[in-house]
Amino acid sequence: MTARQSGPGRRWGLVLAALGAGLLCGALALPVRPSTAAAAPAATRTPVMLQTPDRLKAPPTVEHPSQADTGAQVFWLNCQPCHGDQGQGLTDEWRAQYPPEDQNCWESRCHGDRPYDDGFTLPHVVPAVIGPGSLSRFASAADLHTFISAAMPFQAPGSLSADEYWALTAFLLRAHAVATPNPPLASAEQAALIGLHGPVTPPAPTPTPTPPAPPLWQRPGGPWLWLAGLGAALVAAAALLRWARGRAHGSA
Ligand code: HEC
């Protein structure tokens, strides 16, 4: 009895297992199609943002920030809006990252000729500060630091702390593949030794001008030479006179 029942029972079990496995494989092999029923109705969907918000985001914080890491945060907050996330300057491509209503920086109510109250007029060219050819007018970290401390951010020159300007300098050095200084930058003397585009050339020593040669009688030994010359000339003149007189006598 048990043997008769277990025979067909086991066979059915095997058939069912094979069917189940087949179905599972089939299901896995099927291309995944989004279910149309689950999709939200088109009318209620939020409009797709065209800009990539990630590029406007703060740089990631690190656990033990170096001076340049700190500078990256300061740059993001104070400089990136104008100079770009890659330091590329206010390019069309960078402006396109902003919400559409903020993309025309030079509108008359924005930063154009007639800015909004307490606003400022922005030059049409905001230069790159990172990338080939940028910062070429600054030879050393000190030159760069002096400029940004006095003139940037453009709308509020000199408004950052001393530490922040040094951090920005360290960040820009790193972005220009210049070894960041250790100990951290803190003085103009230290920064003057760091070249932005190769080693800083120390100012060439001004050649000491060679004084004009003194007149003969003022040179060492000069008076004696002079006297000797004079003596020789006198002797020669006397000899000439004598010879001339001798000839005159002879002919007479
Ligand atoms: C509101 C826009 C704006 C902001 C913000 C701004 N800048 Fe500028 N930056 C400019 C403009 C415009 C110039 C070109 C005019 C000039 O040299 O004064 C410039 C020039 C520079 C230059 C000179 C580049 C070169 O090669 O001539 C440096 C370096 C610089 N900025 C660094 C910074 C730093 C660092 C910050 C942040 C603290 C900053 N800027 C913030 C607009 C801005």
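The values are calculated or read from the model by the stated rules, or taken from the named source; none is laboratory data. Keep in mind that what you see is a predicted model, and the values were worked out from it rather than measured. In this analysis, Cβ positions are derived from the backbone assuming ideal geometry, glycine residues included, and neighbour counts consider all displayed protein chains.
Listing for the model above:
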| quantity | calculated |
| --- | --- |
| Selection count, segment 88-101, where residues are closer than 16 Å to K57 by Cβ and either under 20 Å from the mean Cα position of the chain (by Cα) or of a type in the set (S, T, N, Q) (or both) | 2 |
| Residues (at positive phi and more than 10 Å from the ligand (Cβ to nearest atom)) located in segment 121-136 | G131 |
| Search result, residues across segment 142-157 that are among the small types (G, A, S) and surrounded by fewer than 17 Cβ atoms within 10 Å (Cβ to Cβ) | A150, A151, A156 |
| Verdict on A139 being surrounded by 12 or more Cβ atoms within 10 Å (Cβ to Cβ), farther than 16 Å from A170 by Cβ, modelled with pLDDT of 95 or more and within 16 Å of the ligand (Cβ to nearest atom) | yes |
| Count of residues meeting criterion [closer than 30 Å to P132 by Cα and part of a helix (DSSP H, G or I)] in segment 191-247 | 2 |
| Residues located in segment 69-104, provided they are buried (at least 18 other Cβ atoms within 10 Å of the Cβ), under 20 Å from L185 (Cα atoms) and not polar (S, T, N, Q) | D69, G71, A72, V74, F75, C79 |
| Failed item, numbered, when W94 is tested on (1) modelled with pLDDT of 95 or more; (2) within 19 Å of F75 (Cα to Cα); (3) not aliphatic (A, V, I, L, M) | (1) |
| Looking only at segment 151-166, and only at residues there that are near the ligand (Cβ under 10 Å from one of its atoms) and in a helix (DSSP H, G or I), the one that is nearest to G195 (Cα to Cα) | Y165 |
